[in-house]
Amino acid sequence: MVMDKLGSSLQDALKKLVNSGRIDEKSVNDVVKDIQRALLQADVNVQLVMNMSKQIKERALKEEVPSGMNPREHVIRIVYQELINIIGEGTEINLEPQTIMMIGLQGSGKTTTTSKLARYFQKKGLKPAVICADTFRPGAYHQLKSLCDKNSIPFYGEEGNEDSLGIVERGMDKLGKYDVLIIDTAGRHSLEQDLIEEMEQINSIAKPDKKLLVLDAAIGQQASEQARAFNESIGISGVVITKLDGTAKGGGALSAVSETNSSIAFIGVGETSGDLEKFEPDRFISRLLG
Ligand code: GDP
């Protein structure tokens, strides 16, 4: 379970609970303070941290320690459950024919993730194909095409054409025989109304089964605003957090999932096509608290 992997300061605080033999308010407060520190450092939204702290304190003091558990295990279980409440168990992307639309701002890792996801389905034995509807960022076409070529993944794009809606229509027409269609869409440097409108139009043309919001692990509090805007306009089915191989812990993504009715589907852990992992709540929580 998650407790073996917790950071050292948190482990020290938790040890106090065991030493005290019973759960008293002061030791719970100490533990909660350490958890708050860890979560805030990991970029988790302050309000979320405060609400969760309150819940943890109340439950740790009120709920009886289940038999067979020591106070320490009891508190860790509560912390874990409260985090899972926010993070969720993860969004399952089934291995079946479907259309997936990728959404996110420029630099989030959307194009890289599109190719990783195609590779993921390919390795599972499905036939994926990719449409490049990012007509905004110069270089997106070539980047995605060469990533797809490397793994012999069918690709549709129209270099130099800015009509992303037409590209989606024609791409779906041409690549309709493949199992999984992944559409890489354009981003912007910041959340702009014309981006939202473009996503709404692509959404109504492509009618994707899944809409994945791609967020950089380092994004912090802006995650919330982005998630809300995209979710209100087209609905988000799941989140992909990229660059978790770096130092950022991805706490901002928690605000994103709490804003939407979704949870994390995948995490990106590097720049190559194999660097995509299915989301595992335990590991993510350990990292947040560690
Ligand atoms: P887009 O503008 O959203 O399409 O972003 P890109 O896919 O071009 O990614 C922006 C940069 O982030 C590129 O240099 C990618 O190689 C890099 N990148 C994307 N995902 C990851 C990841 O999981 N880990 C690391 N280290 N770099 C990533």
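The values are calculated or read from the model by the stated rules, or taken from the named source; none is laboratory data. Predicted, not measured: the structure shown is a model, and the values here were computed from it. Note that we place each Cβ from the backbone using ideal geometry, even for glycine, and neighbour counts take in every protein chain shown. When the accessible area is computed, the model is the full protein with side chains, heavy atoms only, and any ligands, DNA or RNA have been set aside. Shrake-Rupley method; radii C 1.70, N 1.55, O 1.52, S 1.80 Å.
A few points about this structure:
- Principal-axis analysis of the Cα atoms of the chain puts helix 46-62 at an angle of about 40° to the longest axis.
- Accessible area of the chain belonging to carbon and sulfur atoms, whole % at 1.4 Å probe: 45
- Short-range pairs are left out: with C-alpha atoms under 8 Å and at least six residues apart, the relative contact order of segment 96-241 is 35 percent.
- Cross-link pairs beyond the 27 Å C-alpha cut-off, checked among K150/K249; K150/K243; K207/K278: K150/K249
- Per residue, the convex hull spanned by the Cα atoms of segment 94-147 amounts to 80 cubic angstrom.
- In segment 126-207, Cα pairs under 8 Å separated by at least six residues give a relative contact order of 41 percent.
- When segment 13-84 is described by a simple charge dipole with +1 on each Lys and Arg Cβ and -1 on each Asp and Glu Cβ, the residue from V32, Y80, N45 located farthest towards its positive end is V32.
- Solvent-accessible area per residue in the chain equals 45 Å², computed with a 1.4 angstrom probe and all protein chains kept.
- Highest-first arrangement of 110-122, 159-171, 74-86, where packing means the average Cβ count within 10 Å: 110-122, 74-86, 159-171
- Evaluated at q = 0.16, 0.26 Å⁻¹: base-10 log I(q)/I(0), Debye formula over Cα of segment 150-214: -0.59, -1.37
- Considering only A229, I205, G251, the residue lying farthest towards the positive end of the dipole of segment 192-280 is G251, judged by Cα position with unit charges set on Cβ.
- Mean separation of Cα contacts under 8 Å (6+ apart) over length of the chain, as relative contact order %: 25
- Share of alpha-carbon pairs per 10 Å distance bin for segment 15-107, given as whole %: 14, 38, 24, 13, 10, 1
- Size of segment 186-290: Rg and Dmax of its alpha carbons, in Å, are 13.7, 44.
- Dipole magnitude of the chain, debye to nearest 20 (Cβ charges: Lys/Arg +1, Asp/Glu -1, about Cα centre): 960
- Taking the longest Cα principal axis of the chain as reference, the axis of helix 25-41 is set at about 20 degrees.
- Placed amide H near I264: partners under 5 Å, 5+ positions off or other chain: G90, T91, V239
- Hydrodynamic radius of the chain per Kirkwood, over alpha carbon pairs, in Å: 20.0
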